[in-house]
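Nothing in this text is a laboratory measurement; each read-out follows from the coordinates by a stated rule. The structure displayed is predicted, hence computed values, not measured ones. With ideal geometry, Cβ positions are generated from the backbone for all residues, glycine too; neighbour counts draw on all protein chains shown.
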Amino acid sequence: MCRKIVISLAALLGLISAAAAQSLVVTGSVTDLEGYPLEGAAVVVKGSATGTVTNEEGRFEFKVPQNAVLVVSYIGYISQEKPVRGEHTINFILTEDSEFLDDVIVVAYGSMSKSDFTGSAAQVSGDDIAQASSESIDKGMIGKISGVRIASDSGDPGSAGHVQIRGVSSISAGTSPLYVVDGVVMSSSTEDDLNVGYKSMGVLNTINPEDIESVTVLKDAAAASLYGSRAANGVILITTKKGRQGKTTVTYSGEFGLSNMANQKALQMMDGPRFIQYLKDAGDNAYAINPAYSYGYTGAQIASMVADPSGKTSTDWTKQIFRNAFQQNHQISVSAGGEKTKVYAGLGYNNTEGIVLGSYFERFSGRVNVDHKVNSWMDMSVRQMISFTKTKGHSDQSGQSQGMGYATPIGVLTQSDPTAAPKNPDGTWNEYVSWSGQTGNPHLLFDSDTEYNRTQTMRSLSSLESTIRITDWLSLSNTLGYDYIDNKQYLWWAPSSIDGAALNGLSAVYIFQTSDLTNSSLLRYADQYGPHSVSALAGFEAADHRVGYTYSAANNYPGDKLNALSVGQMYGVGGSQSRSFMASILANANYDYAHRYYASASFRRDGSSRLGPDSRWANFWSVSAAWRLSSEDFMSSVSRLFNDFKIKASYGTNGNLPSGYYSYKGLYSANGGYGTGAAIYWSNPENDALGWEKSRNFNVGFDWNMYNRIDLAVEYYNKYTSSLIFDMPASAVTGFSSYTSNVGNLLNEGVEVEFGAQIVNLLNFTWAIDMNFTWQRTVVENLPNGGADIPYGDGSMYIHREGASMYSFYLPVWKGVDPETGLGEFWIDPEDHSKGVTNYYSEAGSTIVGKAMPDVIGGVTNSMTFLDGLFDASFLISFQAGGSLFDYPGYFTHSDGFRAASMNAASDAADYWTPDNTDALYPKPIMNNPYRWDRFSSRLIKSTDNVRVREIAVGANVPVKRHIDRLRIYAKATNPLIIWSAVPDIDPDVAINGYRTVDVPVTKSFILGINITF
Amino acid sequence: MKTMKYILPVAVMLSGCDALDQDPSTSVTVDTAITSVEDLSNAVNGAYYVATYGTTMTVASELSIYADLVGPDSYQPASSGQNASRLAQYALTPADTYNAYYYLYAALASVNNAIDKAADLEDQEAAAPYVAELYAMRGLFHFHLATVFAPIPTSGSSNDMGLVLADKVFDISYIGERASLQDTYAMIVSDFTKAIGSGLNMARNSGHMNYWAALALRARAYLYMGDYDAALADARQVIGESPYTLYTPESYTRAWSQEGADEVIMEYLQTDVYNAQRYAPGYYTSPLGYSEYGVSPEFYAWMQQTPEDVRSQMVADLNIAPDPDYNPGFYPLKYPGNAGASVRTYTNNIKVVRLSEMYLIAAEAALHVGEDASQYINALRTNRIVGYVSVDEVDMDDVMDERRKELFAEGHAAFDCWRTGRAVVNGSFTIAPDDYRTVLPLPVEEVDLSGGRLKQNPGYGG
């Protein structure tokens, strides 16, 4: 459709041609690299008004002076000049203007000119993503797109990242966007389908960012509702690289780097002498209340039980657990193409060590994309990706619903005795460093072969797209996609390991397999009648999703040496399969009049096996319109200021499905046993009425280009989700803790601003700024049961309350330390301070003390080039404000003595009350503290407001003459610096729900790289 | 090739109609779950499976030793911050008791659902013993809940709130109110009585509620209610008519790892596959495990005063040579692990009721109703003490001491104190029978959800 392009001004002028003397008739054709004729290209005599326009076959014929130079121009292509020199036939082959390519945007089931798009979408180039992360796409998008928030469970390489587009549109159903790779919907497998839960694992990082051409984020209904039921959380379209016609290029890129904890102030524990003093004080304070609290010991007696009571040994276990980790990335890619066939092939290797001892991520990936023109009416494309990823690591908190895993980095860090030396005098690792006896030396625990958690993932992503051009305005295409993921997880606890001791060794293998077969068939129509452009598509789609897992485990191992399953004795087996199916019809139509007035509509009807027969089908639709005011006559007086100005609006619906495969069915599970007998039990209450979650989306905004140098786009969105799929809490008396139901409404609204400016544009220096800014809020609008509050989460620490933000923390409010007594104080009723304070946590009332969702997020990128592009530099700064996190590790590291018998405390916890330090930050420590000031309260809610440098990159394009087309060397840093943070000793990058469980904080890395193209 | 292109999507679309009906691989729909007596038998197993689900705070994990942990003789050789030591310190809050509540009610929901479905079976005669067992289980699970979340009737607590009674299948939106303590125990007795009278299996079957188990537990319920005539009658019937025999001094120490040992009327089965793992009493009583449940030095010393009593061998002095991995202390030895278990500390059947308890109930009830109690105590001691000489008379203190010796580490100690009006004294704690800490708080989730209808136990902020 983008081939139907307006005739340029030059061409119009050319129509008023004037014949000159010594002229001849020149004929010729204008085609693109693929040989497609370009209709409407302007062919003019340089320096004159003489010219013509190519016809449907791309041909032209007109009289020109013999010594003329012809200039051919066509929108989206680089103009070309050729001297006539008496030739009668002159053919032009134009190459696409890559600058202009950026303005073609990949959209649902196709692509279109960005200036013609009426929906809301943002596109990031693959290079920009790979610059930020060669490990995972999601990490590469941070801070680059308005309205998009990205967070990871953990700084471990290979852990899952979560992308949130325009807030949170669901409470209990999925909140992850839909991923579509080259037109094929990727596996809808959630992490739960693929992961046993000992440690976080991301599916997205099976895809090599280096193979990505672009990533488009579809935000509003107009952009996304063609994906119907799966579009409620937005859609991310990933387009991989294609081969290009012309010279074959081979590119090698390589990177080497180091990473470490981004915020070095985080996770600092008390040193040896400080810990001894803390134990003494906690013990004495406990003894004074009741000797039972300190096991009958005095503080001095307890303090003498540490590994080295003299205080001369002091080990910083943070430095023992976390390290400088090495990473490398290599990619070789080939791009080649002739008239009929274009090929892209890439082979990549990534090896990223985690910053926790012993952990790593490794990926081999290969991709081949072939585009072939079978004949004049048929094209075929085959895309095949295969990748193998391996990770090794440790358990983390991702599978912990409550309580802390002992053999996790945080577990080990808190329980290691700072007076114990890491090594014995003989140089071997000291086995007994844990203050509680439940963990061990991190060098033995993490960096060993006696206890580990490994994953090995294979993914194959295949697609075949065939297009038949029935006429030049009608085509039929079919896309068949198959996404297969095989994830094996290996758990090994040797008999001598801490976790393995009770079982006398445990080896477990979990095999998760998921497959997604998708087929879509579309009839496409596109035509132009004078100024009227019309395009439409209609088709159907079917998606078959299967997941299965097999588990086998053995224990009672003869020793640490062998860990194959056959070596141990049978311990357990398990397995199950699940399947969901979706059938859809879809249609879409776009109209524009002279690129001035636009209207679009789309429709999709989806049926899903995840819902009951009576409610499984639903319709989703959108309408949108845009008006390019800058094309109107009345704007001509300000045509430079309003170089391009378009307003747009859209409205439509999207849906969301329950994440459970069979949530609507009343079920008896056979997944149990009693003694040696089979067992079945009532496992799910029936809910035939369970239906789709629906959201209504409204979007309005404008795109404004000023003086061809400044771009400003502003959008307001309002997304109202109703019939929320909600895990309604049920009374345990019914036999169920919750059931899936459609209740409640959720509102997301926000304003997104994207600003770009070419500040300096000189040959020797260019400077551009790109900035995005989002204000957003997510409000719970309606709740069931007459709007009663719904507490949820670990210890009911969150609350759903009408009018309150999503992820609101609902906890007692900490008043502070009573300077007289050193005891902590909570408000009895946080909303009515007249009721006074209490020293006992159990007597404190709760209120909303913060929310995880920030009000404002954004990023600013500065890009510069020097000396005609010889050197370049860029840096990205991101910011957020208005959100909070829940400091789960802080619950253990600031226990006011409660955990003194088993854990060390954070170094800042040393500022506790003593008779000599009465204005202390923390109350006096008491072993087994009966007041429980440490329990979840506003003390653990910390602001995530911060400004941080996400990326810095500097590069040089080394001038080379022979053999090599391009040689670029660069250095870059990710997360190098926190410019400002409201809470300096915590890394503010935490999970989207604000629950800081992270064992491995966000990392910073410094990388050197090289790019060679020949 | 060309035709394929058109056919394939159409074929997928057509198959799509059926494909939209998918069934899980590990579950069946409620309507088709129980269509035979064998299914019903599996459903009975299923309710036990749920009640003993492998996690913290179930009747197969901490709740099995709850009364010991909160009782006078417990001691924590180590504290790993798990629920056993927190129970022993009376430190559980309403945020910590969900599992204790949930799994028993979930099992009750399965029980009630199966009772309903059983009514549709054709072969009612064959189904009857299973239906009777389901009623017996309903009584048992309520009884567990009542001892944990409500006071024992004879304790004289001013808290007279019982349980939300799960006497039928409820709609998912059901919010219950607590019945009175009296009605709660009335239902427990009524369910046992119904089971006893409707064809319960009388053969030994230690993992299941049979006729004798229902009778024995009804005896315990009557004892807790203060209906001593009824308690005595039931206990006597079990002693006189059941196929169980008392352990002997020779068999006593070996019985704990056996399934279906001579005295065991009912036990929850634990296997290599289905067990409470680190929350099992075996792991709590292991010096290499969590080591949160040991016995006090005083209790150990008291038991050792009678070395001729075989029960003195059931506590061990493991204050042995320092090994940093080893938590020294005095430990009960009643959880040695099932014979042949893969992980012995994880896997030990949980004794619900043993024959010796019937002798003790009979003795206690007999004292209350003015009958001779010594015969029961003599019979028991003869099988515990080598060279025992019978006595003519016993008093209540003798019976209570005998209970303390015989039933320690089996979930009785604190209940025996409170229901007889005595305080639990352990270290710094003195918990009188009317102390709010004699019962656990109802889970905060339940109280919050009820919108005020479910009353929290006093003292827990409700």
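Values computed for the structure shown
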| item | result |
| --- | --- |
| Built amide H within the under 5 Å cut-off of residue B:163, gap 5+ | B:179, B:184 |
| Between helix A:272-289 and chain A: long-axis angle, C-alpha atoms, 0 to 90°, nearest 10 | 50 degrees |
| Overall Cα dimensions of the protein assembly as shown, principal axis frame, Å, largest first | 145, 79, 66 |
| Dipole magnitude of the protein assembly as shown about its Cα centre (Cβ charges: Lys, Arg +1; Asp, Glu -1), debye to nearest 20 | 5100 debye |
| Residues residue A:698 and residue A:640, FRET efficiency given R0 of 30 Å [Cβ-Cβ distance, rounded to 0.05] | 0.40 |
| Loop-located GluC sites (Glu not before Pro) in the range B:80-172 whose Cβ has at most 16 other Cβ within 10 Å (DSSP) | B:122 |
| Relative packing of peptides A:300-309, A:930-939, A:947-956 - highest average C-beta neighbours within 10 Å first | A:930-939, A:947-956, A:300-309 |
| DSSP-assigned coil residues among trypsin sites (Lys or Arg not before Pro) in the range A:576-669, each with at most 11 further Cβ atoms within 10 Å | A:640 |
| Set of the range A:37-65 residues, backbone N closer than 15 Å to the point 7 Å along the Cα-Cβ line of residue A:91 | A:37-38, A:57-60 |
| Estimated vicinal HN-Hα couplings, Hz - the range B:347-361 in sequence order (Karplus 6.51, -1.76, 1.60; Gly, Pro = x) | 10, 8, 4, 9, 6, 8, 8, 10, 4, 4, 5, 5, 4, 6, 5 |
| Amide H within-cut-off set for residue A:849, under 5 Å, with H built and near neighbours excluded | A:809, A:810, A:811 |
| Computed lengthening from residue B:401 to residue B:171, 0.36 nm per intervening residue step minus Cα-Cα distance | 78.1 nm |
| Over the range A:275-358, equivalent-ellipsoid semi-axes from the Cα gyration tensor in Å | 63, 14, 7 |
| For the range A:642-783: rounded, prolate or oblate by the Cα gyration tensor [a/c cutoff 1.5] | prolate |
| Shielding by partners - mean other protein chain Cβ count within 10 Å, residues of B:303-315 | 0 |
| Phi-based couplings in Hz for the range A:329-346 (Karplus 6.51, -1.76, 1.60; Gly and Pro marked x) | 8, 9, 8, 10, 9, 10, 10, 8, x, x, 5, 9, 10, 10, 10, 10, 9, x |
| Set of the range A:656-683 residues, backbone N closer than 16 Å to the point 7 Å along the Cα-Cβ line of residue B:126 | none |
| Distant-in-sequence amide H partners of residue A:378 (H built 1.01 Å from N, under 5 Å) | A:469 |
| From phi via Karplus (6.51, -1.76, 1.60), per-residue ³J(HN,Hα) for the range B:423-430 in Hz, x at Gly/Pro | 7, 8, 10, 8, x, 8, 8, 10 |
| For residues of A:570-576, the mean tally of beta carbons on other chains within 10 Å | 3 |
| Over the range A:755-830 - Rg/Rh using Cα atoms and the Kirkwood inverse-distance radius | 1.37 |
| Relative contact order %, the range B:88-156, counting alpha carbon pairs below 8 Å whose residues are six or more apart | 35 percent |
| At 0.692 mPa s and 37 °C, Stokes D of the range B:8-440 from Kirkwood alpha-carbon radius, µm² per second | 146 µm²/s |
| Shielding of A:794-803 by partner chains, average beta-carbon count, 10 Å | 2 |
| Percent RCO, i.e. relative contact order, over the range B:8-440, from Cα pairs under 8 Å lying at least 6 residues apart | 20 percent |
| Distance between the range A:699-767 and the range A:43-122 - C-alpha centres, whole angstrom | 38 Å |
| Kirkwood-type radius of the range B:246-321, with distances r between different C-alpha atoms, in Å | 14.5 Å |
